[in-house]
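In what follows, a structure is listed as structure tokens, so that the remarks can point back to it.
The values are calculated or read from the model by the stated rules, or taken from the named source; none is laboratory data. Keep in mind the model is a prediction, meaning the values are calculated, not measured. Methodologically, a virtual Cβ is constructed for each residue, glycine included, from the backbone with ideal geometry; neighbour enumeration extends over all protein chains shown. When the accessible area is computed, the model is the full protein with side chains, heavy atoms only, and any ligands, DNA or RNA have been set aside. Shrake-Rupley method; radii C 1.70, N 1.55, O 1.52, S 1.80 Å.
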Amino acid sequence: MMAVSAVALLSAPCATRAASLPPGLTEQTIGTTVERARQAFDVPGIAVAVVQDGQIVFSHGYGRRAEDKASAPVDGRTLFAIGSNTKEFTATALALLVDQGKLDWDDRVIDHMPDFRVADPSITRDFRVSDLLTHHSGMGQGAGDLMLFSHSTLTRPEILAGLPFMPFTAPFRTQYAYNNLLYVVAGALVERLTGQSWEDVVQKRLIDAAALPACQSTPPVRGQTNVATGEGESGILPDKASRRLPGVAPAGGIWCSVDGMARWAQTYLNGGRTPDGKQVFSQASRDALWAPHALLPLPDTAEATRTHFRAYGYGWFMEDFFGHKRVWHTGTIDGMVSYVTFLPELKTGIVILTNHDDHNATYSIATTLSAYAATGTSADWVTHWHDAENAKRAAEAKAATSTGPGSPARPFITLSESTQQDYVGTYRDDWRGPITISRRGQDLRMAFSHTDGLTGTLSALPHDLFVVRWDDRGQDGGDDAYVQFERDVSGNVIAMSMRLIGSDFSFDAQDLHPKKVSSSFDEEKEAKGL
């Protein structure tokens, strides 16, 4: 089912007189590409918009708002979680402060936030505002994400308090490693300099100032009806009075419609000026955001797209693409994936929003439509990424059944009740806080504190090694992890470490180093008042 947005209906009659789709793109090409991707990757709903020569020339909804086949159709005003496409809003909020003379990209963070700390004091002293945005701090990929995702209820002040305990895995400013945590710091910097919440600054000075329709800096609440539901999500919206603002918001908290993101794309392509002439941020700031600041490795598709460089700016990726500059970003959160891409020299912008946790669908659509806009033709990117996804799943399934934990080569073992008791107790990690191991029936259970439900069952392998399988298979199903317990010379369990089995870098279990702070015997004595 396809629903056409109000913007599309308004722009279609004058498309041939004022602005039209980029040469090489047609409505049929877009529709065919989107429906092929929707079927190939089992995506319930997709919204797509195209901006050309300053006008929104295409805006359509495809499919439905939720996995439920009876859910309403997607249209141009359906709210989607845009995930990390929020980062460009946070970077742009900092750009507003640069425009106002309250901030410089090269300012030291501690000069504006004296309480700012990272693990290395010398890096703390030299950490610049720009370093918050470019993913080359030296922290590992996804460092600190367990404070932001996987049901975390940690507040932003609590998250910032954990920052000094995050380990560095590379020298400062030498290696690119995608990082959400420092965008939360960037959001805190916006709050410090404005005296307002990040949500209010982004809503009033960017979303409202640019008049982005159906777009908001806070999650939807009960009573809002035109809202997409991501893969594995319940779709139950909270009351406004009980809404908890998530700590992750400056890195991934915005909800927006395709019509709203299309107007955002118009504003960016026009150097910070809205279609009706309001200057929201300066072109100088837009150019700084779109300038390369940290070099990245080339993608596997570089030869096919004639890409010779890739870099990260402030909240944006950029690369050359069939001889043209391309600026883009993706976002994944709450079972949804978004993609915003520009060909600035061609005055083209493309927005894709989906409610399925599979980036291959958005990659397929974005690369196909961008290639048509740039060259008038395109390879079959839907088949490319569908084949790659199938090959990856087959390899993972083969490894799991042949050498994975629980396979015939590495069977789980049964532990006696007394042996299980060795592991029971409370463990504390410096940045993530308490983690408890308890017995429930015949099972060992792991539970994280400061969460709405990150709990799972431990299955034993030899040598104090376990696998934790999380209860919530929707949100954390791909994040099962090894748990390795450590003993002292007397044979007492004193600590544990974790390592992810899958490939979700945002479940940064490897950065946890929980030490045992109490045993089941200690807790029994405390309960009895001994």
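The set of residues in the stretch 60-90 that are assigned to a loop (DSSP other than H, G, I, E, B) and charged (D, E, K, R) comprises Arg65, Glu67, Asp68, Lys69, Asp75, Arg77. Every condition in (1) free of Cβ contacts under 8 Å to residues at least 24 places away in the same chain; (2) buried (at least 19 other Cβ atoms within 10 Å of the Cβ); (3) among the polar types (S, T, N, Q) holds for Gln196 except the one numbered (2). Can you pull out every residue in the stretch 474-530 that is open to solvent by 60 Å² or more (accessible area, probe 1.4 Å), assigned to a strand (DSSP E or B) and modelled with pLDDT under 90? None; the set is empty. Looking only at the stretch 405-424, how many residues end up being open to solvent by less than 50 Å² (accessible area, probe 1.4 Å) and either under 33 Å from the mean Cα position of the chain (by Cα) or among the aliphatic types (A, V, I, L, M) (or both)? Within the stretch 405-424, residues that are open to solvent by less than 50 Å² (accessible area, probe 1.4 Å) and either under 33 Å from the mean Cα position of the chain (by Cα) or among the aliphatic types (A, V, I, L, M) (or both) number 5.
Only one residue in Val340, Val327 is surrounded by 21 or more Cβ atoms within 10 Å (Cβ to Cβ), in a strand (DSSP E or B) and touching a residue at least 60 places away in the same chain (Cβ under 8 Å). Which one? One residue alone meets the criteria, Val340.
For the stretch 217-236, the count of residues that are outside any loop (DSSP other than H, G, I, E, B), closer than 23 Å to Ile159 by Cα and either open to solvent by less than 70 Å² (accessible area, probe 1.4 Å) or in contact with a helix residue (DSSP H, G or I) (Cβ under 8 Å, 6 or more places away or on another chain) (or both) is zero.
Of all residues in the stretch 349-398, count the ones that are under 20 Å from Leu79 (Cα atoms), among the polar types (S, T, N, Q) and either open to solvent by 10 Å² or more (accessible area, probe 1.4 Å) or not in a helix (DSSP H, G or I) (or both).
Adding up the residues that qualify gives 2.
In the stretch 447-473, which residue that is more than 27 Å from Asp358 (Cα to Cα) and touching a Ser or Thr at 6+ places or on another chain (Cβ under 7 Å) is most open to solvent (accessible area, probe 1.4 Å)?
Selected residue: His450.
Looking across the stretch 428-446, the residues that are over 18 Å from Leu500 (Cβ atoms) and under 31 Å from the mean Cα position of the chain (by Cα) come down to Arg428, Asp430, Gly433, Pro434, Thr436, Ile437, Arg445.
Could you pull out the residue among Ala40, Ala93, Ala72 that is in contact (Cβ under 8 Å) with a residue 24 or more places away in the chain and open to solvent by less than 10 Å² (accessible area, probe 1.4 Å)?
Testing whether each residue is in contact (Cβ under 8 Å) with a residue 24 or more places away in the chain and open to solvent by less than 10 Å² (accessible area, probe 1.4 Å) leaves just Ala93.
Every residue, every condition in (1) under 21 Å from the mean Cα position of the chain (by Cα); (2) surrounded by fewer than 16 Cβ atoms within 10 Å (Cβ to Cβ), yes or no:
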| residue | (1), (2) |
| --- | --- |
| Pro238 | no, yes |
| Ala241 | no, yes |
| Gln279 | no, yes |
| Ala288 | no, no |
| His293 | yes, no |
| Tyr312 | yes, no |
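Each row is one residue, and each column tells you yes or no for (1) more than 26 Å from the chain's Cα centre (by Cα); (2) buried (at least 23 other Cβ atoms within 10 Å of the Cβ); (3) farther than 26 Å from Thr225 by Cα.
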{"site": "Leu21", "(1), (2), (3)": "yes, no, yes"}
{"site": "Glu67", "(1), (2), (3)": "no, no, no"}
{"site": "Thr78", "(1), (2), (3)": "no, yes, no"}
{"site": "Glu88", "(1), (2), (3)": "no, yes, yes"}
{"site": "Gly101", "(1), (2), (3)": "yes, no, yes"}
{"site": "Asp111", "(1), (2), (3)": "yes, no, yes"}
{"site": "Pro114", "(1), (2), (3)": "yes, no, yes"}
{"site": "Thr124", "(1), (2), (3)": "no, no, yes"}
